[in-house]
Amino acid sequence: MPLEPPPTPWAFPPADRADEHGVVGMGADLEPGTLLAAYRSGLFPMPVDRGSLTAWWSPDPRGILPLDGLRVTRSLRQSARRFEIRVDTAFAAVVDECRDPRRDGAWITPAIKDAYVRLHELGWAHSVEAWSADGRLVGGLYGVAVGGAFAGESMFHLERDASKVALTALVRILRAGGAVLLDVQWTTDHLISLGAIDLDRNEYLRRLRAATALDVDPFDRSRFVQQHGT
C-alpha cells in the first residue's frame, strides 16, 4: 500500500471557489503531503510565470474519461500488438519524455518532476509505459492514484498510437482494480475522440469524494502481477 507522508501545513481554499480561470490559489509547496491534499480536494498544480510560481487549479468544466466509455478502434487494437505494456518500470523516464521542451508538456519543471518522483517512491504516482519490440520506451503516461481515483498528468508518444495503447492499458488496470474515476483535467479534441467528456465542477467533486473514499489500490503489485502478468 502507498505510504502516507507527513500532512501538509498549507490550507487550500475550497475547489469550488476557483476564479474564472480555474485557479484557487498560488504558492504553497510541492511536498508529497501537499500534493495529496490537493488531489483529495480536487486540485492539481501547474506552474505559471515561466515556472517561478505554482498555481493550484480546479477547472470548470473538468475533463474525465469514463472507464466504460473508452473508444478503441480496430486500428488501435492492431497497434497494441506492436507494444509491450509495463507499469512503473521507468517512471522518471516517462516524466522526462512528457516534459520535453519541444512538446506542450514543457510546463513540467525540474521541481515538478522531482515532486512526482517522490510521490512515486511513496507508492502514489504511477506510470504506464509502451515499449517497442526492440526494447525502447516509445510512449506512456503518468498520474496519481488515490483510492478509486486516478488523476492523469501527462502522456507522450514517440511512435504512432503508443500513448493511446498506454491509455487503453491504464483503463483496463483501473477497472480491474476497482477504480471508478479517471481525471484528465481538461478535454482536448484528441481526448474527446477517445471518449473523454466534460463534467461541471460540482459533479466532478461529488464523484471525486466517492472515488477517493474507496478502499482500493488499482496498482497493488500482488494483484497486478497475477492479473496482468507484468
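Sort through 66, 101 and tell me the only one that's in the same structural domain as residue 139 (by TED's automatic domain parsing), without any contact (Cβ under 8 Å) to a residue 12 or more places away in the chain and not in a helix (DSSP H, G or I).
Details: 66 fails: without any contact (Cβ under 8 Å) to a residue 12 or more places away in the chain.
Unique residue meeting the criteria: 101.
Here residue 59 clears all of (1) modelled with pLDDT under 95; (2) more than 24 Å from residue 122 (Cβ to Cβ) except the condition numbered (1). Of all residue pairs spaced 6 or more apart or on separate chains, those with beta-carbon atoms under 8 Å, a first member in segment 188-217 that is among the basic types (Lys, Arg) and a second member that is exposed (fewer than 15 other Cβ atoms within 10 Å of the Cβ) are 201/16. Does segment 158-203 hold any residues that are among the basic types (Lys, Arg) and not in a helix (DSSP H, G or I), and which are they? Scanning segment 158-203 gives a single hit, 160. Of the numbered criteria (1) within 16 Å of residue 89 (Cα to Cα); (2) part of a strand (DSSP E or B); (3) polar (S, T, N, Q), the one residue 154 fails is (1). Looking at this structure, is residue 114 modelled with pLDDT of 95 or more, surrounded by fewer than 22 Cβ atoms within 10 Å (Cβ to Cβ), assigned to a loop (DSSP other than H, G, I, E, B) and acidic (Asp, Glu)? No. Can you tell me which residues in segment 69-85 are touching a residue at least 24 places away in the same chain (Cβ under 8 Å) and either surrounded by 18 or more Cβ atoms within 10 Å (Cβ to Cβ) or assigned to a helix (DSSP H, G or I) (or both)? The answer is 70, 75, 76, 79, 80, 83, 85.
Taking the stated definitions as given, is residue 87 in the same structural domain as residue 165 (by TED's automatic domain parsing), farther than 19 Å from residue 149 by Cβ, at pLDDT 95 or above and aliphatic (A, V, I, L, M)? It would help to see each step written out before you state the result.
Working: in the same structural domain as residue 165 (by TED's automatic domain parsing): yes; farther than 19 Å from residue 149 by Cβ: no; at pLDDT 95 or above: yes; aliphatic (A, V, I, L, M): yes.
Against the criterion (in the same structural domain as residue 165 (by TED's automatic domain parsing), farther than 19 Å from residue 149 by Cβ, at pLDDT 95 or above and aliphatic (A, V, I, L, M)), residue 87 does not qualify.
Identify, please: which residue in segment 13-61 is in contact with a Gly (Cβ under 8 Å, 6 or more places away or on another chain) and in a strand (DSSP E or B) and is, among those, surrounded by the fewest Cβ atoms within 10 Å (Cβ to Cβ)? Ranking the qualifying residues of segment 13-61, first place goes to 53. Can you find a residue that is more than 21 Å from the chain's Cα centre (by Cα) and farther than 23 Å from residue 189 by Cβ anywhere in segment 54-77? Scanning segment 54-77 turns up no residue that is more than 21 Å from the chain's Cα centre (by Cα) and farther than 23 Å from residue 189 by Cβ.
Residue 58 meets each of the listed conditions (1) among the hydroxyl-bearing types (Ser, Thr, Tyr); (2) free of Cβ contacts under 8 Å to residues at least 24 places away in the same chain; (3) in contact with a Lys or Arg (Cβ under 8 Å, 6 or more places away or on another chain) apart from (2).
In this entry, residue 8 is excluded by the filter for residues that are under 22 Å from residue 109 (Cβ atoms), buried (at least 20 other Cβ atoms within 10 Å of the Cβ) and either in the same structural domain as residue 109 (by TED's automatic domain parsing) or of a type in the set (Ser, Thr, Tyr) (or both).
Only one of the numbered conditions (1) closer than 27 Å to residue 52 by Cβ; (2) buried (at least 18 other Cβ atoms within 10 Å of the Cβ); (3) acidic (Asp, Glu) is not met by residue 96, and that is (2). Out of the residues in segment 189-227 meeting the condition of being within 24 Å of residue 77 (Cβ to Cβ), touching a Gly at 6+ places or on another chain (Cβ under 8 Å) and not aromatic (Phe, Trp, Tyr), tell me which one is surrounded by the fewest Cβ atoms within 10 Å (Cβ to Cβ). Filtering first and then ranking leaves 197.
The values are calculated or read from the model by the stated rules, or taken from the named source; none is laboratory data. Note that this is a predicted model, so its numbers are computed, not measured. Methodologically, a virtual Cβ is constructed for each residue, glycine included, from the backbone with ideal geometry; neighbour enumeration extends over all protein chains shown.
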